[in-house]
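Just below is one structure, and these are the notes that go with it.
Read-outs: derived from the displayed coordinates by stated rules, not from any lab. Everything quoted here is computed from the prediction, not taken from an experiment. Quick reminder, even Gly has a Cβ in these numbers, built from the backbone with ideal geometry, and neighbours come from all protein chains shown.
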Amino acid sequence: MTTNRLKKAIIAHLEIVKPDEDITVSDATQREQIQLPCLAVGIAGAERHSVELQGVQKCQVEITLRCHAGDEAEANVDEWVDRIETALNDPSEIKALLDEGIRMDFWDYHGATTEWDGSVMETTFTAESWVVRV
């Protein structure tokens, strides 16, 4: 599937640029228990772009950084968020990691929001991508 190929490329990109070696990068739909801190990559939705652009899918990308409250004391989580945002603002590296069966024509990083769920901090980064099979 096109969305799975996009997700794999984003995961590979984040593995390279993650701000700390202790951060696990994974598919958000992975059913295994994942140690925190982690970056979970998911495609929240995909739809046809338009009738004029046959085969182009608009994909809503969500990347969530999860860490315990204690992680914030040990590491500078604000710096982690800044480094992840910097990496997501440059789509050229994600495009370079796509395999030959898919092409990304558009990447628009939307920003990040942070929420607390008990003792776990979740920062969700969102972006929109237009991808097509070639």
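Return the residues of region 42-51 that are touching a helix residue (DSSP H, G or I) at 6+ places or on another chain (Cβ under 8 Å) and either β-branched (Val, Ile, Thr) or free of Cβ contacts under 8 Å to residues at least 24 places away in the same chain (or both); say none if nothing qualifies.
Passing the criteria: only Ile43.
Among the listed residues Leu14, Leu6, identify the single one that is surrounded by 18 or more Cβ atoms within 10 Å (Cβ to Cβ) and either under 14 Å from Phe106 (Cα atoms) or aromatic (Phe, Trp, Tyr) (or both).
Exactly one residue qualifies, and that residue is Leu6.
Condition check ((1) surrounded by fewer than 14 Cβ atoms within 10 Å (Cβ to Cβ); (2) under 17 Å from the mean Cα position of the chain (by Cα)) across all residues:
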position: Ser26; (1), (2): no, yes
position: Ile94; (1), (2): no, yes
position: Gly111; (1), (2): yes, yes
position: Trp116; (1), (2): yes, no
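Please enumerate the residues belonging to region 1-36 that are closer than 18 Å to Val120 by Cα and touching a Cys at 6+ places or on another chain (Cβ under 8 Å).
Within region 1-36, Ile23, Thr24, Val25, Ser26, Leu36 meet the criteria.
Do you know which residues across region 92-128 are touching a residue at least 12 places away in the same chain (Cβ under 8 Å), out of contact with any strand residue (DSSP E or B) (no Cβ under 9 Å at 6 or more places or on another chain) and of a type in the set (A, V, I, L, M, F, W, C)?
Leu97 - this is the single residue of region 92-128 that is touching a residue at least 12 places away in the same chain (Cβ under 8 Å), out of contact with any strand residue (DSSP E or B) (no Cβ under 9 Å at 6 or more places or on another chain) and of a type in the set (A, V, I, L, M, F, W, C).
All but one of (1) more than 19 Å from Thr3 (Cβ to Cβ); (2) assigned to a strand (DSSP E or B); (3) among the polar types (S, T, N, Q) hold for Thr126, so report the exception by its number.
(1)
Does region 37-65 hold any residues that are within 20 Å of Val120 (Cβ to Cβ), buried (at least 16 other Cβ atoms within 10 Å of the Cβ) and of a type in the set (A, V, I, L, M, F, W, C), and which are they?
Cys38, Leu39, Ala40, Val41, Ile63, Leu65
Inside region 1-41, can you point out the residues that are assigned to a loop (DSSP other than H, G, I, E, B) and either in contact with a helix residue (DSSP H, G or I) (Cβ under 6 Å, 6 or more places away or on another chain) or of a type in the set (Gly, Ala, Ser) (or both)?
Across region 1-41, the qualifying residues are Pro19, Ala28, Pro37.
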